[in-house]
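To start, the structure itself, in structure tokens.
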Amino acid sequence: MKKIHFVSFCFSLLCSFSILANNEKRALLIAIGNYKNSSYWKTLEGAGNDMRLMKTVLLDQNFPETNIISLSNENATKIRIISALENLTKSAQEGDIIVIHFSGHGIQTADLNKDEKDHYDECLIPYDTPAKTARDYTDNALIKDDIIGQWIEKLRAKVKKNGQILLILDACHTGTASKGDNYVSEESLNYTASPYPEPAQNTSLNSYRLKLFKNENSGRFVFIAASADKQVSHQISPDQKEIFGILTYGLFKAFQKIRPGTSYRDLFYSMISIVQNNLRQTPNIEGDISSLVFAGQIRKPGEKFAFHKTGEKEVKLYAGFLNNVNIGAKFEFKKDGIYSSNASSIIAKGVVESSGPFEAIVSITGNIPDNTSNLVAIQTEQAFGGHKIALNIKDFSDKSLQRSLEDNFTNKNIISLSHKNPDLVIHEEGNHVLITNATSGLVYSKISKDENTTQNVINNVLDFGRAKIISALEISNPDFKADVSLRHAIISKEKDGTFRKTFTKDSLSENLVFDTSQQGWFTIKNTGKEPFYFALLDIQPDGIINVLYPNEAKGWNKYNVEIPKDQQKEFPVSGFSKPYGVEMFKVIMSSDYNDFAFLSSLKRNTVNSYDSQKGNENPIIALFKDLTDGTMKRTKGNIPFVGGTAEIILTIIPAKK
């Protein structure tokens, strides 16, 4: 680490990454609100709305619309439901993620095959179920839990251990409807009066059933039920207009807040927290509830951005590159409503033509009315503008190492592999891997070949990429401006702790050069209209970012980095050292210290563990997070960043002998 005055730690952070399986996503949605025997089976006003909510969730999570099969009302007879399950099973492949959702009536009937401890089967009621079923428990028009369990096992066998099956039943008496007693899971949660669900005790497990459920070669299975097996399920009307099943509505709202890394247990907790004030039933979840939702392949629903029309085919978006809105990003303009994923709600599409820190200009196709108050813009495809690091990975004698590097960098959106005009060249030299600046030939890193080689190369390249993008960050704001200067000086420290400085020459020119024996005097003067806090970053030629200030460990906290209007802060800078080359001191200004207070105590490996909510709200924190793992995957900017930037560029050279 380069040692510059008061720097005690390095803001060089390891990345985290995962390679996700290429799963196909499929779904079967069944909703029956109007039954053939409507005089007996009560009309359910919310069933159709439940189907639309679930389809919205699935489309938001990149389920192809062609893979979502919907059966409603007269199309949801028993024969057609069984046929759909059969077709779903035939099309399922290893590694697939499959969702089955049912919204309609459910009942309990007598257990004729004697496989239920409570002597009842839980059943779904298809569209064509006759009225006599409630009295004649031998009627074959029902879909009993034994049948559901059989199809679940067939699907699990098809998707194998890399796949997932999610069964959601928003109906009465569904608490054990996935299985019959043979399909009792090892782990389950029931919502009770307590704030969060507690593990339920399953007394019916035996070694055979446990082995059946935990078959290592079968897909993971999660079952979410609206109510216990002896309970009815209820509906909700949150806006006093439309009606929904409580379970489906809660899951829909929970998916709106979902983040990568969410487990099914977390999703259930989130759903409960949303609807618990309206619950008159006991939802439960069982199965592999610790597994990640959709095998971790979660797309955080697009952030809604406000905008206004500036021309016939142009709008100004109230979000910029600090919100991860870059040139080339694609947007859809929609009616702002609960079914915003529906294709019918899209009125126009657009591409970002220019992007500043807070605003972007979008060229549109389609017709947007002058009044945009009930419309929102949602980013459908991110772009990264100039935020790309081009790599040339030269021919390695160790082909497996080269393939490992290429495969891992392919998963990093800020990285492109290119032999033309690269930023960095990665090549072998004996038992080392070298990372070299393609323009200057400067060797940034020399990495020994061992079991950590791939990860170490990734870390160093992402360090460089993070530095390049932070270096390019420019925010012009008349309220937050600063004049910064760095001058050569001879500096000594007095007994009272103050510094005595003697300037050796004027160093306000654009071409600053410091050798490793010299010292400097840094000044930041507030020339804007408002007081501000500042962070000072030292961005080295090799991509390491040192946080000079704030540094609470060294006493530079909130009060030390505040500069009132027309005042200034000044301090010595010394300890210039390798790596040699062009270096930058970057000043970031803000009216809120919390925008970068995390820098003051941040250590290696901790950026992605920083409070997730603050990270999503704060574009500076979120930007550092995205640059750390190389994915640029978040939609940021819930709280606008107000501030500015300034910088000094200098060159570090060896001291003269």
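The values are calculated or read from the model by the stated rules, or taken from the named source; none is laboratory data. What you see is a predicted model, and the numbers here were worked out from it, not measured in a lab. As a convention, Cβ positions derive from the backbone with ideal geometry for all residues, glycine included, and neighbour counts pool all protein chains shown.
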Answer yes if at least one residue in segment 240-254 is surrounded by fewer than 22 Cβ atoms within 10 Å (Cβ to Cβ) and modelled with pLDDT under 70, and no otherwise. no
Could you pull out the residue among THR380, THR454 that is among the β-branched types (Val, Ile, Thr) and in contact with a Gly (Cβ under 8 Å, 6 or more places away or on another chain)? THR380
Contact list, first residue from segment 561-584 and in a loop (DSSP other than H, G, I, E, B), second anywhere and acidic (Asp, Glu), beta-carbon distance below 8 Å, six or more apart or interchain, is LYS565/GLU530; PHE576/ASP515; PRO579/ASP542
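Being of a type outside the set (Ser, Thr, Tyr), farther than 23 Å from ILE491 by Cα and buried (at least 17 other Cβ atoms within 10 Å of the Cβ) is the filter here; which residues of segment 580-591 pass it? Walk me through how you get there before you give the answer.
Quick first cut of segment 580-591, residues of a type outside the set (Ser, Thr, Tyr) only: 581-589.
Then keep just the ones that are farther than 23 Å from ILE491 by Cα; that gives 581-582, 588-589.
Result: ILE588, MET589.
Results for (1) within 30 Å of the chain's Cα centre (by Cα); (2) loosely packed, with under 12 Cβ neighbours inside 10 Å, shown as yes or no for each residue.
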{"residue": "VAL376", "(1), (2)": "yes, no"}
{"residue": "THR380", "(1), (2)": "yes, no"}
{"residue": "LEU391", "(1), (2)": "yes, no"}
{"residue": "THR410", "(1), (2)": "yes, no"}
{"residue": "SER416", "(1), (2)": "yes, no"}
{"residue": "LYS420", "(1), (2)": "no, yes"}
{"residue": "GLY430", "(1), (2)": "no, yes"}
{"residue": "THR436", "(1), (2)": "no, no"}
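If you scan segment 414-436, which residues turn out to be assigned to a loop (DSSP other than H, G, I, E, B) and in contact with a Gly (Cβ under 7 Å, 6 or more places away or on another chain)? Outline the logic, then answer.
From segment 414-436, those assigned to a loop (DSSP other than H, G, I, E, B) are 414, 418-423, 430-431; that's our starting set.
ILE414 - this is the single residue of segment 414-436 that is assigned to a loop (DSSP other than H, G, I, E, B) and in contact with a Gly (Cβ under 7 Å, 6 or more places away or on another chain).
If you take the residues in segment 239-295 that are polar (S, T, N, Q) and closer than 24 Å to LYS161 by Cβ, which one is nearest to the chain's Cα centre (by Cα)?
First, the residues of segment 239-295 that are polar (S, T, N, Q): 240, 248, 256, 262-263, 270, 273, 276-278, 281-282, 284, 290-291.
Filter once more, keeping what is closer than 24 Å to LYS161 by Cβ: 262-263, 290-291.
Numbers: THR262: 10, SER263: 14, SER290: 19, SER291: 17 Å.
Top of the filtered list is THR262.
Give the residue that is farthest from ALA228 (Cα to Cα), with candidates limited to residues of segment 299-326 that are of a type in the set (A, V, I, L, M) and at pLDDT 80 or above. Give the derivation first.
As a first pass, look at segment 299-326 and keep what is of a type in the set (A, V, I, L, M): 306, 315, 317, 319, 322, 325.
Among the residues that remain, those that are also at pLDDT 80 or above are: 306, 315, 317.
Details: ALA306: 43, VAL315: 51, LEU317: 47 Å.
Once the filter is applied, the top-ranked residue is VAL315.
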Look at ILE620 and say whether it is among the β-branched types (Val, Ile, Thr) and at pLDDT below 75. yes
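Pick from ILE524, ILE469: which is among the β-branched types (Val, Ile, Thr), surrounded by 19 or more Cβ atoms within 10 Å (Cβ to Cβ), over 30 Å from LEU391 (Cβ atoms) and touching a strand residue (DSSP E or B) at 6+ places or on another chain (Cβ under 9 Å)? Even if it seems obvious, please write down each step before you answer.
Details: ILE469 fails: over 30 Å from LEU391 (Cβ atoms).
Of ILE524, ILE469, the one residue that is among the β-branched types (Val, Ile, Thr), surrounded by 19 or more Cβ atoms within 10 Å (Cβ to Cβ), over 30 Å from LEU391 (Cβ atoms) and touching a strand residue (DSSP E or B) at 6+ places or on another chain (Cβ under 9 Å) is ILE524.
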I need the full set of residues from segment 210-232 which are at pLDDT below 75 and assigned to a loop (DSSP other than H, G, I, E, B), in order please. LYS214, ASN215, GLU216, ALA228, ASP229, LYS230, GLN231, VAL232
Let me spell it out: the conditions are (1) within 30 Å of ILE378 (Cβ to Cβ); (2) aliphatic (A, V, I, L, M); (3) touching a strand residue (DSSP E or B) at 6+ places or on another chain (Cβ under 7 Å), and ALA84 meets all of them except one. Which number is the exception? (1)
Based on this model, can you work out whether GLY441 counts as over 29 Å from ILE389 (Cα atoms), in a loop (DSSP other than H, G, I, E, B) and not assigned by TED's automatic domain parsing to the domain that holds VAL325? no
Count of segment 77-98 residues which are under 16 Å from PHE63 (Cβ atoms) and either outside any helix (DSSP H, G or I) or not assigned by TED's automatic domain parsing to the domain that holds ILE152 (or both): 6
Do you know which residues across segment 234-256 are β-branched (Val, Ile, Thr) and in a helix (DSSP H, G or I)? ILE246, THR248
Elements of type strands (runs of 3 or more DSSP E) contained in segment 460-529, each with 1 or more residues being modelled with pLDDT under 85 and among the polar types (S, T, N, Q): 499-505
